[in-house]
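The block underneath contains the structure these notes are about, expressed in structure tokens.
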Amino acid sequence: MKTIQKKICLLGDFSVGKTSLIRRFVEERFDEKYLSTIGVHMSRKRLERGDHLLDFFIWDLAGGEDFDVIGPNYLRGAAGAIIVCDLTRQDTLAALSKYANRLREINPKAALVFVGNKIDLVDERTISDADLVVELDSLANTYLLTSAKTGENVDQTFVRLADLIEG
Ligand code: G3D
Ligand code: MG
């Protein structure tokens, strides 16, 4: 069967749950030393897509989410990105459009999936659906609400990105 390889990245402020979402989704993380010199971790996950296999090479920031230091190497060549905020922290909301615009500058055709993570922390939620709609206004008409803790919508997030990339 044919295998297609695609690079994707996780974007979002520190501690929103990027690494946890990847851990939920993949079994295999590459040797952490492999890309540590450029401040990223990489994982691979194979998806069965009807008549072919899709290998996602998933890039994750190894700390250092400071927006200004995210180098073009992290974003270059990415077919898409999952851009994450933490539903319990209002201050993580604005990063969604910031990262989307940064990625699109480098890679205009990149597919984007937006995620509000930590939906399991219902009582601590401070970012509403209305907030997300306003923030994403011109960028996207959908987003997913996920929990890396319970697994809610995690697979769906990656599959949606695959659908957008291959659509
Ligand atoms: P980052 O990679 O974006 O920096 P991490 O974020 O994946 O390291 O997650 C940051 C913290 O949030 C971790 O807690 C992690 O367990 C927690 N977390 C991530 N996703 C969820 C979620 O969906 N629900 C809940 N309740 N917690 C989540 P610690 O305490 O280990 O720092
Ligand atoms: Mg992380």
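Below, the figures for the structure above:
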quantity	calculated
Pair list, Cβ under 9 Å, 6 or more apart: the range 122-137 residue surrounded by 13 or more Cβ atoms within 10 Å (Cβ to Cβ), other residue hydroxyl-bearing (Ser, Thr, Tyr) and assigned to a helix (DSSP H, G or I)	Ile127/Thr92; Glu135/Ser97; Leu136/Ser97
Criterion: closer than 21 Å to Gln156 by Cα, assigned to a helix (DSSP H, G or I), touching a residue at least 12 places away in the same chain (Cβ under 8 Å) and among the small types (Gly, Ala, Ser) - qualifying residue of Ala79, Ala100, Ala140	Ala100
Hits in the range 1-20 - residues which are farther than 19 Å from Ile127 by Cα and either assigned to a strand (DSSP E or B) or within 11 Å of ligand 2 (Cβ to nearest atom) (or both)	Lys2, Thr3, Ile4, Gln5, Lys6, Lys7, Ile8, Cys9, Leu10, Thr19, Ser20
Every residue from the range 114-138 that is of a type outside the set (Lys, Arg) and under 14 Å from Val84 (Cβ atoms)	Phe114, Val115, Gly116, Asn117, Ile119, Ile127, Leu132, Glu135, Leu136
Whichever residue in the range 138-150 is over 15 Å from the mean Cα position of the chain (by Cα) and within 11 Å of ligand 1 (Cβ to nearest atom) and, among such residues, is surrounded by the fewest Cβ atoms within 10 Å (Cβ to Cβ)	Thr150
Filtered residues of the range 88-104 (kept if under 16 Å from Gly17 (Cβ atoms) and of a type in the set (A, V, I, L, M, F, W, C))	Leu93, Ala95, Leu96
Flag if Ser128 is more than 28 Å from Arg76 (Cβ to Cβ) and touching an Asp or Glu at 6+ places or on another chain (Cβ under 8 Å)	no
Unmet requirement for Val113, which otherwise passes all of (1) β-branched (Val, Ile, Thr); (2) more than 25 Å from Ile4 (Cβ to Cβ); (3) in contact with a helix residue (DSSP H, G or I) (Cβ under 8 Å, 6 or more places away or on another chain); (4) in contact (Cβ under 8 Å) with a residue 40 or more places away in the chain	(2)
Residue identified as touching a Ser or Thr at 6+ places or on another chain (Cβ under 8 Å) and of a type in the set (A, V, I, L, M, F, W, C) among Leu93, Leu144	Leu144
Residue match in the range 62-78 (condition: at pLDDT 95 or above and either acidic (Asp, Glu) or within 13 Å of ligand 2 (Cβ to nearest atom) (or both))	no
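The values are calculated or read from the model by the stated rules, or taken from the named source; none is laboratory data. Since we're looking at a predicted model, the values are computed, not measured. All Cβ positions, glycine included, derive from the backbone under ideal geometry; neighbour counts span all protein chains shown.
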